[in-house]
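K.L.:
Below: one structure in structure tokens.
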Amino acid sequence: MMQTTEGGLRAWLTAETPQSRGQARLGRVYLGWLAFSRNRLAMIGLGIVLLLVLMAALAPLLAPYDPYRQDLSQRLLPPSAAHWLGTDAFGRDILSRILYGSRLTLMIVALVAVTAPVAGLLIGTVAGYLGGWADAALMRVTDIFLAFPKLILALAFVSALGPGIENAIIAIAITSWPPYARIARAETITIRKSDFISAVRLQGASTPRIILGHVVPLCSSSLIVRVTLDMAGIILTAAGLGFLGLGAQPPAPEWGAMIATGRQYVLEQWWVATMPGIAIFVVSLGFNLLGDGLRDVLDPKGK
Amino acid sequence: MIDVTDLRVTFGQGADAVAAVQGVSFAVRAGESFGLVGESGSGKSTVLRAVVGLNHDWTGSIAVDGAAQGRRREKGFFKSCQMVFQDPYGSLHPRHTIDRILAEPIAIHGLRDADARIDRVLRDVGLGPQFRFRYPHQLSGGQRQRVAIARALVLEPRVLLLDEPTSALDVSVQAEILNLLKRLRAEHALTYVLVSHNLAVVATMCDRLAVMNRGRIVEEMDVEALRRGAAREDYTRQLLRASQGYDRAAADSFKDFA
């Protein structure tokens, strides 16, 4: 079935009449990829995110120095051939710390991305599909969470749980699910009355089956877009908590914490705070561009 | 096969309450094709949705295949009674392949040999196996309606409720779908309840029909009487005249039947 030449593969993927489930699914993914790859900014975003993943995976190979090794004779050196991005107040190489810091950033992003949207999606679709009492109860809880500014609520959680990167992740996840629940509920309400949901009810499907198999797939694409666009905010919140000393603890090379320690030297040794700042900026931009591109591909209203 | 007695359906509460169906009774024999005719808002689709269990707020009694039905239906009920919706663009899940759409009822009821069933039912509705792994957006309106009919037939029901099955399709495709429905009824000994505002469709498809207006059945007649134009009630006569096409003199003479 699978041809070897590239032209054959493309024909197989774009076939009008797929022969199997897998071919139909791959063909759909391929068409989405074609639409996505036409958007140059989105491709730049994807490139930045892939670069971040590579940096995190290959940090031990790429980093010229140990990110934790202090050398007080080398402290606060400006960028040079030996230290491309300079050194910080303890003589640690900033480039190595940024490379290792990408692992923390990626961990925060990944853990928040697999918890908050999933919780929001479940709460929103259940509330929207069941309506009535379940809807009222779940959405009032959501409203309570939405009533607090995100960073303030995260601060409150972290001070209650104790500072640390794990608690920062938990705090960010707890504070970022309510908007996802709102989106999922709104989408569910428009889907709930449609004939294809009535049809599956007429086949005797149980409520969990309808929600998970028929409602969730339709809500998830707009949620994926929203999550990608929120990634920048999540990175910034994590960096903000690190900056305030409530996220990653020293000597962990978390970018926000690095900016915080560089703050006192910002006028004379500007590179200490600026380099991790640029890293945060570039990664946030990358996720935003990626999210924009995904919206063009996944948003059902665009089709 | 279907016995409906004094069915009443009200939407909303208090001052906003709308009595959509006000005391409808009819009986459909096994193997019969029964038409429900009326203008928009006469309550004919509401009757159908109450019979199939999509609408829970009704009073009266509904019996299907000799069994009185409550407000919530047992899973087994859906094996004997299925429905085809009006709009083929809204009744198929946009992210599921035809294969997935047809496999779903088989999985829900835990039936075996899904592949053979899907192949058979696709052939039954005149779609070849090449349609099996397509998405609904790759199909025309008529093809989608065939898929919707196939989905209703997968469980091998005895009763098929048809809610304006052709009104969203263009005329040439309408005839194809009506012929398909006729053939399927003969082959599978199905009982049809067909809701339509189109008297010509009802005349070709049904043995007997009931005319509805404002939530009530105005008149029951057989299709022979419909073809002769032998209506007892003024409302039915007006509906017959309206169905013959636009005519200014006729339109001016139309009355409101409360």
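The values are calculated or read from the model by the stated rules, or taken from the named source; none is laboratory data. Since we're looking at a predicted model, the values are computed, not measured. Note that each Cβ is placed from the backbone with ideal geometry, even for glycine, and that neighbours are counted across all protein chains shown.
K.L.:
With A:Val282, A:Val200, A:Val225, A:Val215 as the choices, which residue is surrounded by fewer than 17 Cβ atoms within 10 Å (Cβ to Cβ) and either of a type in the set (A, V, I, L, M, F, W, C) or out of contact with any strand residue (DSSP E or B) (no Cβ under 6 Å at 6 or more places or on another chain) (or both)? First the steps, then the outcome.
P.N.:
Working: A:Val200 fails: surrounded by fewer than 17 Cβ atoms within 10 Å (Cβ to Cβ); A:Val225 fails: surrounded by fewer than 17 Cβ atoms within 10 Å (Cβ to Cβ); A:Val215 fails: surrounded by fewer than 17 Cβ atoms within 10 Å (Cβ to Cβ).
One residue alone meets the criteria, A:Val282.
K.L.:
If a residue must be more than 20 Å from the chain's Cα centre (by Cα) and either surrounded by 14 or more Cβ atoms within 10 Å (Cβ to Cβ) or not in a loop (DSSP other than H, G, I, E, B) (or both), how many such residues does the stretch B:69-100 contain?
P.N.:
Residues flagged as more than 20 Å from the chain's Cα centre (by Cα) and either surrounded by 14 or more Cβ atoms within 10 Å (Cβ to Cβ) or not in a loop (DSSP other than H, G, I, E, B) (or both) within the stretch B:69-100 amount to 7.
K.L.:
If you go through the stretch B:74-88 one residue at a time, how many are more than 7 Å from chain A (Cβ to nearest Cβ) and modelled with pLDDT of 90 or more? Quick ask: steps written out before the conclusion?
P.N.:
Taking the stretch B:74-88 and keeping what is more than 7 Å from chain A (Cβ to nearest Cβ), we get B:74, B:76-77, B:79-81, B:84, B:86, B:88.
Imposing the further condition that a residue be modelled with pLDDT of 90 or more reduces the set to B:77, B:79-81, B:84, B:86, B:88.
So the answer is 7.
Quick grid of which residues meet (1) in contact (Cβ under 8 Å) with a residue 12 or more places away in the chain; (2) assigned to a helix (DSSP H, G or I); (3) over 15 Å from the mean Cα position of the chain (by Cα):
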residue	(1), (2), (3)
A:Ser221	yes, yes, no
A:Val227	yes, yes, no
A:Pro251	yes, no, yes
A:Leu267	no, no, yes
A:Val272	yes, yes, yes
A:Gly286	yes, yes, no
A:Leu290	yes, yes, no
A:Asp296	yes, yes, yes
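K.L.:
Just a yes or no: is a residue in the stretch A:3-21 at pLDDT below 90, in contact with an Asp or Glu (Cβ under 9 Å, 6 or more places away or on another chain) and assigned to a helix (DSSP H, G or I)?
P.N.:
Checked the stretch A:3-21: at least one residue is at pLDDT below 90, in contact with an Asp or Glu (Cβ under 9 Å, 6 or more places away or on another chain) and assigned to a helix (DSSP H, G or I).
K.L.:
Give me a count of the residues in the stretch A:133-147 that are acidic (Asp, Glu) and either surrounded by 14 or more Cβ atoms within 10 Å (Cβ to Cβ) or touching a helix residue (DSSP H, G or I) at 6+ places or on another chain (Cβ under 7 Å) (or both).
P.N.:
Residues of the stretch A:133-147 acidic (Asp, Glu): A:135, A:143.
Cutting the leftovers down to either surrounded by 14 or more Cβ atoms within 10 Å (Cβ to Cβ) or touching a helix residue (DSSP H, G or I) at 6+ places or on another chain (Cβ under 7 Å) (or both) gives us A:135.
The qualifying residues number 1.
K.L.:
A further question follows. Give B:Ser33, B:Ser25, B:Ser61, B:Ser45 a once-over and let me know the one that is among the hydroxyl-bearing types (Ser, Thr, Tyr), more than 11 Å from chain A (Cβ to nearest Cβ) and within 24 Å of A:Ile197 (Cβ to Cβ). Reasoning before the result, please.
P.N.:
Details: B:Ser33 fails: within 24 Å of A:Ile197 (Cβ to Cβ); B:Ser25 fails: within 24 Å of A:Ile197 (Cβ to Cβ); B:Ser61 fails: within 24 Å of A:Ile197 (Cβ to Cβ).
Result of the check over B:Ser33, B:Ser25, B:Ser61, B:Ser45: B:Ser45.
K.L.:
Sort out which residues of the stretch B:101-114 are within 11 Å of another protein chain (Cβ to nearest Cβ) and surrounded by fewer than 16 Cβ atoms within 10 Å (Cβ to Cβ), and write them in order of number. Please lay out each step first, then the result.
P.N.:
First pass over the stretch B:101-114, keeping only residues within 11 Å of another protein chain (Cβ to nearest Cβ): B:101-110.
Within the stretch B:101-114, B:Ala107, B:Gly110 meet the criteria.
K.L.:
Give the residues of the stretch B:10-36 that are free of Cβ contacts under 8 Å to residues at least 60 places away in the same chain and surrounded by 15 or more Cβ atoms within 10 Å (Cβ to Cβ), sorted by residue number.
P.N.:
First pass over the stretch B:10-36, keeping only residues free of Cβ contacts under 8 Å to residues at least 60 places away in the same chain: B:10-18, B:27.
Passing the criteria: only B:Thr10.
K.L.:
I'm trying to understand the selection: among the residues of the stretch B:155-176, which are within 26 Å of B:Phe77 (Cα to Cα), among the hydrophobic types (A, V, I, L, M, F, W, C) and out of contact with any Lys or Arg (no Cβ under 6 Å at 6 or more places or on another chain)? Give the steps one after another, and end with the answer.
P.N.:
Here is the first cut: in the stretch B:155-176, the residues within 26 Å of B:Phe77 (Cα to Cα) are B:155-166.
Imposing the further condition that a residue be among the hydrophobic types (A, V, I, L, M, F, W, C) reduces the set to B:155, B:159-162.
Answer for the stretch B:155-176, where residues must be within 26 Å of B:Phe77 (Cα to Cα), among the hydrophobic types (A, V, I, L, M, F, W, C) and out of contact with any Lys or Arg (no Cβ under 6 Å at 6 or more places or on another chain): B:Val159, B:Leu160, B:Leu161, B:Leu162.
K.L.:
Which residue, of A:Tyr65, A:Tyr30, is surrounded by 12 or more Cβ atoms within 10 Å (Cβ to Cβ), of a type in the set (Phe, Trp, Tyr) and farther than 29 Å from A:Ile108 by Cβ?
P.N.:
Working: A:Tyr65 fails: farther than 29 Å from A:Ile108 by Cβ.
None of the others qualify; the one that does is A:Tyr30.
K.L.:
Related question: Being without any contact (Cβ under 8 Å) to a residue 40 or more places away in the chain, of a type in the set (Lys, Arg), assigned to a helix (DSSP H, G or I) and over 30 Å from B:Asp3 (Cβ atoms) is the requirement here; does B:Arg112 meet it?
P.N.:
On the way: without any contact (Cβ under 8 Å) to a residue 40 or more places away in the chain: yes; of a type in the set (Lys, Arg): yes; assigned to a helix (DSSP H, G or I): no; over 30 Å from B:Asp3 (Cβ atoms): yes.
So B:Arg112 fails the test.
K.L.:
Can you confirm whether A:Ile191 is part of a helix (DSSP H, G or I) and away from chain B (no Cβ under 14 Å)? Break it down stepwise before answering.
P.N.:
Working: part of a helix (DSSP H, G or I): yes; away from chain B (no Cβ under 14 Å): no.
Criteria not met by A:Ile191.
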